[in-house]
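K.L.:
Input: one structure, supplied below.
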Amino acid sequence: MLFKFSQIFISEESRYDEITNRILQIYRDIPVTFLKETNIQLKRLSEYPLDRGKRKLWLTHFKGRFLKPCPGTATSYRCCNYLVINETINCPIDCSYCILQDYISSPVITVYTNFETILDEINAISHANPERILRIGTGELTDSLALDPVTGLSSQIIHKISSLPNIIFELKSKTDNIVHLLDQNPARVVISWSVNPEEIVRKEEHKSASLRQRMKAAARAAENKFMIGWHFDPIIYYPEWQDGYEKLIRLMGEHVPVSQIAWISLGSFRHPPRLRDIIRQRFPETILLSAEQITGHDGKLRYIKPLRRHLYHFVADKIQKYIGDAFIYFCMESQDLWEEVLGKKPLNNQDIDFFFAESLSRRFSALNLPPPRRKIYQHPAINSNYQAPKSKKS
Ligand code: SF4
């Protein structure tokens, strides 16, 4: 599944990078424009409408720190102390519920080609926290595998973490682009898929792989010893949701054994208020906006709590029935729903982090992870021991 682009823009800094070279080899026939990063040039890139912007690639360098705490960590909902790497901003897939439509300032797909900085940062954070299991993932501001066969970033990270025993690396995708990873060392690598019933995939997850394709890719990754993650995020309420989610979960159980599942997340549809108008305008046929919503503590619209509770109970029960005893967690939910639905009582985000560590160490003992610890700590990315590495090139 190679996404097509209509134009590639390249900054002077990225011009001679290895990744730039790879991309130009693969997209040989696409017009290329070299840009100076002046305000006028950048403004030009920001003026494309989103549909056209998603077909343009902008290669440049990122000057700040790549590794960051997941933004959910700073909200009043429970979050899991995850670290994100944003090497790519924006996504060639076009989900109608995608928060990036409201969130990002530039519609073009930006790839930061100074990958060596990412590898240096992973190395530094691993050594600064040898006693901790650190979960790090791409896929917060893009799909982890959409451009990965072209950029090759994940292979570089997987190679790097093979000598870093406290790092778990996760890729999150709605594609079936895994073939380029199958000869990599699968130790401590989680390939995850975001899943929804087939009718939601067809109507709301435009340009993504079909559900069957995702399932086949997950089965193949599991056969190749990768750990698998499933993300029910966003869970969407629509008239036939019970039938849809039950079929989906049965299919998942048929494709990946519970022994290979690292984790399963649940999160219901939520969004900033402004996204509502964007969805209506870009996807008038959507079935997303029919259920009642309230404004949460974080200012986002979300389903009312009784409905969220009902959705979560249903999905968690079907996971138990068709998949088995997997590690389930919520993405940005309140403490009372954690207790009611999952029977866990996380007092804070560190508790959730501990649950992950405990589950991973117990279920994947062959990985020899550091022992799980329950202790107060600063998020590693802002840990005072952490030294931001200097890029070799910048
Ligand atoms: S795959 Fe993720 S990042 Fe890409 S459009 Fe869909 S929701 Fe957005």
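K.L.:
Taking the conditions exactly as written (at pLDDT below 95 and over 30 Å from residue 275 (Cβ atoms)), does residue 114 satisfy them or not?
P.N.:
The answer is no for residue 114.
K.L.:
Out of the residues in region 308-340 meeting the condition of being without any contact (Cβ under 8 Å) to a residue 40 or more places away in the chain and of a type outside the set (Lys, Arg), tell me which one is least open to solvent (accessible area, probe 1.4 Å).
P.N.:
Among those residues, the one meeting the criterion is 337.
K.L.:
Sort out for me the helices (runs of 4 or more DSSP H) sitting completely within region 55-158 that have 1 or more residues that are within 23 Å of residue 360 (Cα to Cα) and out of contact with any His (no Cβ under 7 Å at 6 or more places or on another chain).
P.N.:
115-128
K.L.:
Residue 266: touching a helix residue (DSSP H, G or I) at 6+ places or on another chain (Cβ under 9 Å), part of a helix (DSSP H, G or I) and buried (at least 17 other Cβ atoms within 10 Å of the Cβ), yes or no?
P.N.:
It is false that residue 266 is touching a helix residue (DSSP H, G or I) at 6+ places or on another chain (Cβ under 9 Å), part of a helix (DSSP H, G or I) and buried (at least 17 other Cβ atoms within 10 Å of the Cβ).
K.L.:
Then there's this: Scanning for something closer than 19 Å to residue 221 by Cβ, within 16 Å of the ligand (Cβ to nearest atom) and open to solvent by 20 Å² or more (accessible area, probe 1.4 Å), does region 115-137 turn up at least one residue?
P.N.:
no
K.L.:
For residues that are within 16 Å of the ligand (Cβ to nearest atom) and either open to solvent by 40 Å² or more (accessible area, probe 1.4 Å) or β-branched (Val, Ile, Thr) (or both), scanning just region 166-197, find the one that is farthest from residue 234 (Cα to Cα).
P.N.:
178
K.L.:
If I ask for residues that are open to solvent by less than 10 Å² (accessible area, probe 1.4 Å) and closer than 13 Å to residue 145 by Cβ, which ones from region 210-228 would you list?
P.N.:
214, 217, 218, 221, 226, listed by residue number.
K.L.:
Please work out if residue 16 is aromatic (Phe, Trp, Tyr), open to solvent by 80 Å² or more (accessible area, probe 1.4 Å) and assigned to a loop (DSSP other than H, G, I, E, B).
P.N.:
Criteria met by residue 16.
K.L.:
Can you tell me which of 154, 163 is open to solvent by less than 10 Å² (accessible area, probe 1.4 Å) and either modelled with pLDDT of 95 or more or more than 16 Å from the chain's Cα centre (by Cα) (or both)?
P.N.:
154
The values are calculated or read from the model by the stated rules, or taken from the named source; none is laboratory data. Since the model is a prediction, treat every value here as computed from it, not as a measurement. Backbone-built Cβ (ideal geometry, glycine too); neighbour counts: all protein chains shown. These accessible areas exclude ligands, DNA and RNA; they are computed on the full protein's heavy atoms, side chains included. Shrake-Rupley method; radii C 1.70, N 1.55, O 1.52, S 1.80 Å.
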